[in-house]
Amino acid sequence: MSKEEDDEIVQTAHDRFKLVEDFEADFRKLYIEDVKFCNADSDNKYQWPSEMTRSRELDSRPCLTINKTRQHVLMIQNEIKQDMPAIKISPTSGDATADAAQVFMGIARYIEYNSNAADAYSKAMMSQVQGGIGYWRVTTDYKDAQSFDQEIFIRPIKDPMSVYLDFQGEQDDGSDAQFGFVFNDMSCDEFKRKYPKYEDIAARSVFGQGTDWLNKNIVRVAEYFYVEYTNDYLVAMPVRDDQNKPIDGQYNTMLMSEIPQTLRQAVRDSEDIRRRKVSVPRVKWCMIAGDEIIDRKDWPSKYIPIVRVVGEEQIIEGRLDRKGHVRNFKDPQRMYNYWTSSAVEQVALQGKQPYMAATQAISGFESYYANANRINYSYLPYNGLDEAGNQIAPPQREQPPQMAGAYISGMQIAAEEMKMVSGQADPTMGMQSNE
């Protein structure tokens, strides 16, 4: 292609990328927050607002993370892993047979096994449940370094945020998408080895994006898939019997462009042959780096080879609202963390003196009482009478620290609210029910 045609493709890709980026901008921020929230722990404190964390730490107040959200999410993920999706092929057209479907099923199972497809499905499902979206992709590659034969592979996409898929499609799996992007980071050395002609653009970003991730050792490239349509005619030629007579209702269909040039005029002139205009989709692939196309090829399919799995997705006032299982856990989980932290703080601030005693009562026995919290004495002696012979009250153990009932109730309520928003009751979580 000419430089002008390449520039036009890149400009179209840039415009499409901006459309998807603007449409998904709100969701992408929430996706990151949801995934971080699900994977919070006592070190990263992802379940605490940063302002509150700083304020409490300045006052030496605890910010505990008791991550119950992750367990609720793992229950769903483990159920899906026990019944992992797989390719299924069924005969549907008139010429299809169950035996042919079994042959294709064998090929599909080989592709899944050879690709370790369960790993790709699992990663996509995990992102779907935690953040609301997950992807895997279909690729082709040479069987090995000594072969010219290529095979089909199903590969995971570890970071769903690296994918920008056409949002105007109607199918949940993205099969009707007209374009899609997959961004990849590679080291400068690897980029220069694969594309030595384009060494000078290694430090430039794609579509002017990526100033937050660019550094001297990393190059970001964009795989751009797009569908092109070619006008053609679909031709239906009747099947003929041994006497060269058409068989009613039986036709062989093909595209006009697939018919030899010498026969096309005869096909056009024949009244027995049905024709209609069609637009034939063909998927193109190109690699873009630094706003330049550095590699290209035709993808042998009418579908863009990116498969998506979606959690909950709605369009509200023209904006995308997409979420997984974590979003509704945030408030009850924060309540649980807050009540737990407050309860620990309240108990920690209470006095820790184990005994209240008059000095006369323990005079001479101070070492016993000083070590009573460390040594398990069989008894603690004390002076029962003072110098005048008056009775002295024995030392009394101080009331142990008590956790306020409000904090306990708060934790119980928060835990129950997490079950309500998830729809997962005690039996679902492996605990005994109250019936």
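The values are calculated or read from the model by the stated rules, or taken from the named source; none is laboratory data. Remember, it's a predicted structure, so these values are computed and weren't measured experimentally. Glycine also receives a Cβ, built like all others from the backbone with ideal geometry; neighbour counts cover every protein chain displayed. Side chains included, ligands, DNA and RNA excluded: accessible areas come from the protein's heavy atoms. Shrake-Rupley method; radii C 1.70, N 1.55, O 1.52, S 1.80 Å.
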The chain: angle of helix 330-348 to the longest principal axis, Cα-based, in degrees nearest 10: 20
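How much accessible area per residue does the range 69-201 have, in Å², with a 1.4 Å probe?
On the way: 7920 Å² over 133 residues.
Accessible surface, normalised per residue, equals 60 Å².
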Cross-link reach list, lysines versus LYS123, counting only Cα pairs under 18 Å and skipping chain neighbours closer than eight places: LYS36, LYS81, LYS158, LYS323
Net charge, PHE181 excluded, C-beta distance under 9 Å - Lys, Arg +1, Asp, Glu -1: 0
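At 1.4 Å probe size, with the rest of the protein present, what percent of the exposed accessible area of the chain is carbon and sulfur atoms?
Taking all protein chains in place, the chain shows 49 percent carbon and sulfur surface.
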Distance between modelled label sites at ASP269 and LYS284, nm, 7 Å Cα→Cβ extension: 3.7
Rounded to 10°, Cα long-axis angle of helix 405-422 versus longest principal axis of the chain: 10
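For a distance above 20 Å, tell me the whole-number percent of Cα pairs in the range 1-100 that qualify. List each step's numbers first, then the result.
Values: 3474 of 4950 pairs.
Taking all Cα-Cα pairs of the range 1-100, the fraction more than 20 Å apart is 70 percent.
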GLU57/VAL347 FRET efficiency (R0 25 Å; Cβ-Cβ; nearest 0.05): 0.85
Label-point gap, in nm, between THR12 and ILE107 - each point 7 angstrom along Cα→Cβ: 3.0
Max mean-square fluctuation residue, GNM over the chain, Cα-Cα springs under 10 Å, options PRO49, PRO156, PRO62: PRO49
Ratio Rg/Rh, restricted to the range 115-273 and using Cα atoms, in which Rh is the Kirkwood radius: 1.15
Order by protection proxy (mean Cβ within 10 Å, highest first), peptides 293-299, 228-234, 96-102: 293-299, 228-234, 96-102
Semi-axes of the equivalent ellipsoid for the range 296-358, Cα gyration tensor, largest first, Å: 57, 16, 8
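Using 0.36 nm per residue of separation minus the Cα-Cα distance, give me the extension gain between ARG334 and LYS36 in nm, one decimal. It would help to have the intermediate numbers written out before the result.
Details: separation 298, 0.36 × 298 = 107.28 nm, distance 1.36 nm.
The span from ARG334 to LYS36 would gain 105.9 nm if fully extended.
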Label-to-label distance, nm, for residues given as MET403 and LYS297 (7 Å Cα→Cβ offset): 6.0
Kirkwood Rh, angstrom, the range 261-383 [1 / mean 1/r, Cα pairs]: 25.6
Coordinate range along principal axes, alpha carbons of the range 234-326, Å, largest first: 68, 36, 25
Computed [θ] at 222 nm, helices only, for the chain once each DSSP H run of length n ≥ 4 contributes -39500 (n - 2.57): -11500 deg cm²/dmol
Principal axes of the chain: Cα extent on each, largest first, Å: 136, 60, 52
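For a 27 Å ceiling on Cα separation, which of these pairs sit above it: LYS88/LYS419; LYS29/LYS284; LYS143/LYS192?
Values: LYS88/LYS419 35 Å; LYS29/LYS284 30 Å; LYS143/LYS192 24 Å.
Among LYS88/LYS419; LYS29/LYS284; LYS143/LYS192, the Cα-Cα distance tops 27 Å for LYS88/LYS419; LYS29/LYS284.
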Helix 117-131 axis, angle to the chain major axis (alpha carbon atoms, nearest 10°): 60
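Rg to Rh ratio, the range 212-287, alpha-carbon atoms and Kirkwood radius? Can you show the working numbers first?
Working: Rg = 22.0 Å, Rh = 16.1 Å.
On the Cα set of the range 212-287, Rg over Rh gives 1.37.
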Candidates ILE316, ILE247, ILE306: whichever shows maximal mean-square fluctuation once the chain is modelled as a Gaussian network with Cα springs under 10 Å: ILE247
Highest-MSF residue in the chain out of MET75, MET237, MET125 [GNM, Cα springs under 10 Å]: MET237
